[in-house]
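Working notes for the structure below.
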Amino acid sequence: MLIRFGFEIIVDCPAPVPMLLALSTHTEFNGRLIGADYVRTTAMTPISIYVDRYGNRISRAVADQGRTTFWSDCVAEVSGAPDIWPTFALQHRIEDLPSDTLEFLGASRYCDSDSLGNFAWANFGNTPEGWPRVQAISTFVHNHVTFGYKFGRPDKTARDVLEEKSGVCRDFAHLGVSLCRAMNIPARYASGYLGDIGVPDSGFDDFCAWFEVFLGGSWHTIDARYNVPRIGRILMVRGADASDVAMITSFGSYQLSSFRVWTTKLDDGTSVQDLNAMLETLPPPRPGRPDFGQALPGAVHLN
(Lines give C-alpha, C1' and ligand atoms only; values in the text may rest on other atoms or scores of the structure.)
Protein backbone atom coordinates (compact mmCIF):
# COMPACT_ATOMS: atom_id res chain seq x y z
CA MET A 1 0.00 0.00 0.00
CA LEU A 2 1.26 3.47 -0.92
CA ILE A 3 0.41 6.45 1.30
CA ARG A 4 1.27 10.05 0.53
CA PHE A 5 1.87 11.93 3.77
CA GLY A 6 3.14 15.32 4.84
CA PHE A 7 2.37 18.61 6.52
CA GLU A 8 2.56 22.37 6.07
CA ILE A 9 2.95 24.67 9.09
CA ILE A 10 3.16 28.44 8.70
CA VAL A 11 4.31 30.63 11.60
CA ASP A 12 4.72 34.37 12.06
CA CYS A 13 7.48 35.57 14.41
CA PRO A 14 8.16 39.07 15.78
CA ALA A 15 11.87 38.16 15.85
CA PRO A 16 13.96 35.14 14.77
CA VAL A 17 12.99 32.11 16.91
CA PRO A 18 15.09 28.94 17.35
CA MET A 19 12.90 25.82 17.14
CA LEU A 20 13.14 22.06 17.56
CA LEU A 21 10.76 20.21 15.23
CA ALA A 22 9.71 16.61 15.90
CA LEU A 23 8.02 16.19 12.54
CA SER A 24 9.88 13.40 10.72
CA THR A 25 9.35 9.65 10.49
CA HIS A 26 10.95 7.66 13.27
CA THR A 27 14.27 5.90 12.74
CA GLU A 28 12.47 2.58 13.38
CA PHE A 29 9.56 3.20 11.00
CA ASN A 30 9.16 -0.18 9.31
CA GLY A 31 7.82 0.98 5.94
CA ARG A 32 9.72 2.00 2.81
CA LEU A 33 10.00 5.70 2.01
CA ILE A 34 9.72 6.86 -1.59
CA GLY A 35 11.12 10.34 -1.94
CA ALA A 36 12.64 12.11 1.06
CA ASP A 37 10.96 12.79 4.39
CA TYR A 38 12.68 15.77 5.92
CA VAL A 39 11.55 19.19 7.11
CA ARG A 40 11.87 21.88 4.44
CA THR A 41 11.65 25.55 5.23
CA THR A 42 11.55 29.00 3.69
CA ALA A 43 13.81 30.27 6.52
CA MET A 44 17.27 31.55 5.66
CA THR A 45 19.04 29.41 8.28
CA PRO A 46 19.68 25.81 7.15
CA ILE A 47 18.05 22.98 9.08
CA SER A 48 20.18 20.39 10.86
CA ILE A 49 18.99 17.02 12.20
CA TYR A 50 19.91 14.93 15.21
CA VAL A 51 18.51 11.70 16.70
CA ASP A 52 17.45 11.81 20.35
CA ARG A 53 17.64 8.99 22.90
CA TYR A 54 14.25 7.62 21.82
CA GLY A 55 15.27 7.31 18.17
CA ASN A 56 13.29 10.39 17.11
CA ARG A 57 14.67 12.54 14.28
CA ILE A 58 14.59 16.14 15.48
CA SER A 59 15.13 19.09 13.13
CA ARG A 60 16.84 22.24 14.43
CA ALA A 61 15.72 25.43 12.72
CA VAL A 62 15.50 29.18 13.21
CA ALA A 63 12.24 30.72 12.01
CA ASP A 64 12.88 34.13 10.45
CA GLN A 65 11.33 37.36 11.59
CA GLY A 66 8.03 37.56 9.75
CA ARG A 67 6.50 34.52 8.04
CA THR A 68 8.16 31.09 7.80
CA THR A 69 6.76 27.92 6.27
CA PHE A 70 7.81 24.41 7.30
CA TRP A 71 6.70 21.42 5.28
CA SER A 72 7.41 17.86 4.23
CA ASP A 73 5.92 15.65 1.54
CA CYS A 74 6.73 11.98 0.96
CA VAL A 75 5.28 8.58 0.05
CA ALA A 76 5.48 5.51 2.26
CA GLU A 77 4.99 1.91 1.21
CA VAL A 78 3.42 -0.05 4.08
CA SER A 79 1.93 -3.53 4.36
CA GLY A 80 -1.69 -2.39 4.37
CA ALA A 81 -2.46 -4.75 7.27
CA PRO A 82 -4.26 -3.44 10.35
CA ASP A 83 -2.58 -3.12 13.74
CA ILE A 84 -1.85 -6.52 15.30
CA TRP A 85 -3.45 -7.11 18.68
CA PRO A 86 -1.23 -9.43 20.78
CA THR A 87 -4.13 -11.53 22.04
CA PHE A 88 -1.96 -14.11 23.80
CA ALA A 89 0.93 -11.86 24.91
CA LEU A 90 1.96 -12.41 28.52
CA GLN A 91 2.86 -9.79 31.09
CA HIS A 92 6.42 -9.87 32.40
CA ARG A 93 7.40 -9.92 36.04
CA ILE A 94 9.29 -6.74 36.93
CA GLU A 95 12.48 -8.71 37.55
CA ASP A 96 12.27 -10.24 34.07
CA LEU A 97 11.81 -6.99 32.14
CA PRO A 98 14.63 -5.76 29.87
CA SER A 99 16.47 -2.84 31.45
CA ASP A 100 15.55 -0.44 28.63
CA THR A 101 11.82 -0.83 29.41
CA LEU A 102 12.08 0.11 33.09
CA GLU A 103 11.94 3.88 32.52
CA PHE A 104 8.44 3.37 31.09
CA LEU A 105 7.11 2.08 34.42
CA GLY A 106 7.39 5.35 36.35
CA ALA A 107 5.50 8.62 36.35
CA SER A 108 6.41 11.37 33.88
CA ARG A 109 5.32 14.96 33.27
CA TYR A 110 1.88 14.22 31.78
CA CYS A 111 1.56 10.58 32.84
CA ASP A 112 1.13 10.92 36.61
CA SER A 113 0.70 7.19 37.13
CA ASP A 114 1.86 7.48 40.74
CA SER A 115 -1.44 9.21 41.59
CA LEU A 116 -3.60 6.66 39.72
CA GLY A 117 -2.43 3.44 41.37
CA ASN A 118 -5.41 2.99 43.70
CA PHE A 119 -7.87 3.69 40.89
CA ALA A 120 -6.10 1.33 38.49
CA TRP A 121 -5.90 -1.60 40.90
CA ALA A 122 -9.49 -1.11 42.04
CA ASN A 123 -10.79 -1.17 38.47
CA PHE A 124 -8.42 -3.56 36.68
CA GLY A 125 -6.84 -5.65 39.43
CA ASN A 126 -9.25 -8.53 38.81
CA THR A 127 -8.62 -8.71 35.05
CA PRO A 128 -6.17 -11.37 33.79
CA GLU A 129 -2.61 -10.12 33.40
CA GLY A 130 -1.18 -9.42 29.96
CA TRP A 131 -3.23 -8.51 26.93
CA PRO A 132 -6.68 -8.87 28.59
CA ARG A 133 -5.65 -6.25 31.17
CA VAL A 134 -4.31 -3.86 28.53
CA GLN A 135 -7.45 -4.31 26.45
CA ALA A 136 -9.62 -3.61 29.48
CA ILE A 137 -7.68 -0.38 30.12
CA SER A 138 -7.93 0.70 26.46
CA THR A 139 -11.67 -0.01 26.39
CA PHE A 140 -12.20 1.93 29.61
CA VAL A 141 -10.31 4.98 28.28
CA HIS A 142 -12.17 4.77 24.96
CA ASN A 143 -15.57 4.75 26.70
CA HIS A 144 -14.67 7.16 29.50
CA VAL A 145 -13.14 10.04 27.51
CA THR A 146 -14.99 12.25 25.02
CA PHE A 147 -12.87 13.48 22.11
CA GLY A 148 -12.86 17.14 21.08
CA TYR A 149 -10.20 19.66 20.01
CA LYS A 150 -11.75 22.22 22.33
CA PHE A 151 -10.81 19.97 25.26
CA GLY A 152 -7.06 20.09 24.57
CA ARG A 153 -4.67 22.21 26.61
CA PRO A 154 -0.89 22.05 27.12
CA ASP A 155 -0.88 21.37 30.88
CA LYS A 156 -3.40 18.52 30.97
CA THR A 157 -2.23 15.41 32.86
CA ALA A 158 -3.63 11.90 32.84
CA ARG A 159 -5.40 12.51 36.16
CA ASP A 160 -7.00 15.62 34.64
CA VAL A 161 -8.23 13.51 31.74
CA LEU A 162 -9.67 10.91 34.11
CA GLU A 163 -11.50 13.53 36.13
CA GLU A 164 -12.65 15.75 33.25
CA LYS A 165 -13.56 12.81 30.97
CA SER A 166 -12.53 14.71 27.84
CA GLY A 167 -9.49 15.43 25.70
CA VAL A 168 -7.69 15.14 22.39
CA CYS A 169 -5.88 12.03 21.13
CA ARG A 170 -2.77 12.69 23.21
CA ASP A 171 -4.95 12.72 26.33
CA PHE A 172 -6.37 9.28 25.48
CA ALA A 173 -2.78 8.08 25.12
CA HIS A 174 -1.60 9.69 28.37
CA LEU A 175 -4.39 8.11 30.39
CA GLY A 176 -3.81 4.70 28.80
CA VAL A 177 -0.07 4.93 29.45
CA SER A 178 -0.59 5.98 33.07
CA LEU A 179 -3.05 3.21 33.91
CA CYS A 180 -0.79 0.58 32.35
CA ARG A 181 2.24 1.85 34.27
CA ALA A 182 0.21 1.84 37.48
CA MET A 183 -0.40 -1.88 36.79
CA ASN A 184 3.35 -2.54 36.26
CA ILE A 185 3.08 -2.74 32.46
CA PRO A 186 5.75 -0.72 30.59
CA ALA A 187 4.00 1.83 28.37
CA ARG A 188 5.24 4.68 26.21
CA TYR A 189 3.71 7.50 24.18
CA ALA A 190 3.78 7.51 20.36
CA SER A 191 2.52 9.78 17.61
CA GLY A 192 2.44 9.99 13.84
CA TYR A 193 0.22 9.97 10.79
CA LEU A 194 -3.05 8.02 10.69
CA GLY A 195 -5.31 8.65 7.73
CA ASP A 196 -8.91 7.58 7.18
CA ILE A 197 -7.97 4.31 5.49
CA GLY A 198 -10.57 1.57 5.82
CA VAL A 199 -12.87 3.88 7.80
CA PRO A 200 -15.29 6.70 6.83
CA ASP A 201 -13.61 9.92 5.71
CA SER A 202 -13.61 12.46 8.54
CA GLY A 203 -13.23 15.33 6.06
CA PHE A 204 -9.74 16.43 7.11
CA ASP A 205 -6.37 14.92 8.08
CA ASP A 206 -4.38 15.36 11.27
CA PHE A 207 -1.59 13.84 13.32
CA CYS A 208 -2.63 11.18 15.81
CA ALA A 209 -1.28 9.99 19.18
CA TRP A 210 -1.42 6.44 20.52
CA PHE A 211 0.62 4.37 22.96
CA GLU A 212 2.70 1.19 23.03
CA VAL A 213 2.94 -1.51 25.70
CA PHE A 214 5.64 -4.10 26.34
CA LEU A 215 4.14 -7.60 26.54
CA GLY A 216 5.46 -11.00 25.50
CA GLY A 217 8.95 -9.72 24.73
CA SER A 218 8.05 -6.89 22.34
CA TRP A 219 6.26 -3.56 22.01
CA HIS A 220 2.69 -3.41 20.69
CA THR A 221 0.54 -0.53 19.39
CA ILE A 222 -2.60 0.39 21.37
CA ASP A 223 -4.95 3.19 20.31
CA ALA A 224 -7.47 3.98 23.04
CA ARG A 225 -9.15 6.73 21.04
CA TYR A 226 -10.39 4.31 18.38
CA ASN A 227 -9.95 1.01 20.26
CA VAL A 228 -9.92 -0.99 17.03
CA PRO A 229 -7.01 -2.02 14.77
CA ARG A 230 -6.32 0.64 12.15
CA ILE A 231 -4.54 0.60 8.77
CA GLY A 232 -1.72 2.83 7.55
CA ARG A 233 -0.16 4.07 10.79
CA ILE A 234 3.11 5.96 10.12
CA LEU A 235 5.27 6.35 13.23
CA MET A 236 6.94 9.72 13.81
CA VAL A 237 7.94 9.88 17.48
CA ARG A 238 8.11 7.97 20.76
CA GLY A 239 8.76 9.07 24.34
CA ALA A 240 7.71 8.83 27.97
CA ASP A 241 4.89 11.26 27.16
CA ALA A 242 4.13 14.22 24.87
CA SER A 243 6.69 16.45 26.60
CA ASP A 244 9.47 14.36 25.01
CA VAL A 245 8.09 14.69 21.49
CA ALA A 246 6.47 18.12 21.13
CA MET A 247 5.89 18.91 17.45
CA ILE A 248 7.41 22.35 17.97
CA THR A 249 9.61 23.41 20.86
CA SER A 250 10.16 27.14 20.42
CA PHE A 251 12.64 29.38 22.23
CA GLY A 252 10.60 32.52 21.64
CA SER A 253 7.06 33.54 20.72
CA TYR A 254 5.29 32.95 17.42
CA GLN A 255 1.80 32.96 15.93
CA LEU A 256 0.51 29.86 14.17
CA SER A 257 -1.00 31.06 10.86
CA SER A 258 -1.71 27.75 9.15
CA PHE A 259 -1.53 24.07 10.03
CA ARG A 260 -2.49 21.21 7.73
CA VAL A 261 -1.65 17.54 7.36
CA TRP A 262 -2.28 15.04 4.58
CA THR A 263 -2.36 11.24 4.69
CA THR A 264 -3.79 9.82 1.48
CA LYS A 265 -3.90 6.27 0.15
CA LEU A 266 -2.71 6.17 -3.46
CA ASP A 267 -3.88 3.85 -6.21
CA ASP A 268 -1.95 0.58 -6.25
CA GLY A 269 -0.98 1.16 -9.86
CA THR A 270 0.63 4.57 -9.29
CA SER A 271 3.79 4.73 -11.41
CA VAL A 272 7.18 6.08 -10.41
CA GLN A 273 6.70 8.91 -12.90
CA ASP A 274 3.35 9.80 -11.31
CA LEU A 275 4.93 9.74 -7.85
CA ASN A 276 7.74 12.05 -8.91
CA ALA A 277 5.32 14.49 -10.51
CA MET A 278 3.05 14.36 -7.46
CA LEU A 279 5.87 15.23 -5.07
CA GLU A 280 6.87 18.32 -7.03
CA THR A 281 3.97 20.34 -5.58
CA LEU A 282 2.09 20.19 -2.30
CA PRO A 283 -1.48 18.85 -2.39
CA PRO A 284 -4.32 21.39 -2.39
CA PRO A 285 -5.78 22.32 1.00
CA ARG A 286 -8.69 20.37 2.43
CA PRO A 287 -11.12 21.81 4.98
CA GLY A 288 -9.29 22.80 8.17
CA ARG A 289 -9.35 21.03 11.49
CA PRO A 290 -12.36 21.95 13.67
CA ASP A 291 -11.67 24.52 16.39
CA PHE A 292 -8.39 25.50 14.75
CA GLY A 293 -6.80 28.39 16.60
CA GLN A 294 -3.41 29.86 17.42
CA ALA A 295 -2.50 27.17 19.94
CA LEU A 296 -0.86 24.08 18.45
CA PRO A 297 -1.46 20.98 20.62
CA GLY A 298 1.83 19.24 21.17
CA ALA A 299 3.85 22.45 21.09
CA VAL A 300 6.07 23.74 23.88
CA HIS A 301 7.05 27.39 24.11
CA LEU A 302 10.19 28.26 26.10
CA ASN A 303 10.42 32.05 26.22
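Yes/no matrix, rows are residues, columns are (1) assigned by TED's automatic domain parsing to the domain that holds Lys156; (2) within 22 Å of Tyr189 (Cα to Cα); (3) surrounded by 19 or more Cβ atoms within 10 Å (Cβ to Cβ); (4) over 15 Å from the mean Cα position of the chain (by Cα):
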| site | (1), (2), (3), (4) |
| --- | --- |
| Arg225 | yes, yes, yes, no |
| Val228 | yes, yes, no, yes |
| Val237 | yes, yes, yes, no |
| Gln255 | no, no, no, yes |
| Ser258 | no, no, no, yes |
| Thr270 | no, no, no, yes |
| Pro283 | no, no, no, yes |
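Inside segment 104-133, can you point out the residues that are more than 19 Å from the chain's Cα centre (by Cα) and under 19 Å from Gly216 (Cα atoms)?
Leu105, Thr127, Pro128, Glu129, Gly130, Trp131, Pro132, Arg133
Got a number for residues in segment 235-275 being over 24 Å from Gly198 (Cα atoms), touching a residue at least 12 places away in the same chain (Cβ under 8 Å) and of a type outside the set (A, V, I, L, M)?
Adding up the residues that qualify gives 15.
Provide a single number: the residues in segment 146-180 that are touching a residue at least 40 places away in the same chain (Cβ under 8 Å), in contact with a Gly (Cβ under 7 Å, 6 or more places away or on another chain) and over 26 Å from Arg286 (Cα atoms).
1
Looking at segment 95-112, can you tell me whether even one residue there is under 19 Å from Tyr226 (Cα atoms) and in contact with a Ser or Thr (Cβ under 6 Å, 6 or more places away or on another chain)?
The first filter runs over segment 95-112 and keeps only residues under 19 Å from Tyr226 (Cα atoms), leaving none.
No, segment 95-112 contains no residue that is under 19 Å from Tyr226 (Cα atoms) and in contact with a Ser or Thr (Cβ under 6 Å, 6 or more places away or on another chain).
Being over 18 Å from Trp210 (Cα atoms), in the same structural domain as Met183 (by TED's automatic domain parsing) and either surrounded by 15 or more Cβ atoms within 10 Å (Cβ to Cβ) or at pLDDT below 95 (or both): is that true of Ala89 here? Explain how you work it out, then say what you get.
Working: over 18 Å from Trp210 (Cα atoms): yes; in the same structural domain as Met183 (by TED's automatic domain parsing): no; either surrounded by 15 or more Cβ atoms within 10 Å (Cβ to Cβ) or at pLDDT below 95 (or both): yes.
Considered against the rule, which asks whether it is over 18 Å from Trp210 (Cα atoms), in the same structural domain as Met183 (by TED's automatic domain parsing) and either surrounded by 15 or more Cβ atoms within 10 Å (Cβ to Cβ) or at pLDDT below 95 (or both), Ala89 comes out as no.
Of everything in segment 136-165, what is modelled with pLDDT of 95 or more, of a type in the set (Lys, Arg) and not in a helix (DSSP H, G or I)? Give them in sequence order.
Lys156, Lys165
The values are calculated or read from the model by the stated rules, or taken from the named source; none is laboratory data. Small disclaimer: the values here were computed from a predicted structure and weren't measured. Heads up, the Cβs are rebuilt from the backbone with ideal geometry, glycines too, and the neighbour counts pull from every protein chain shown.
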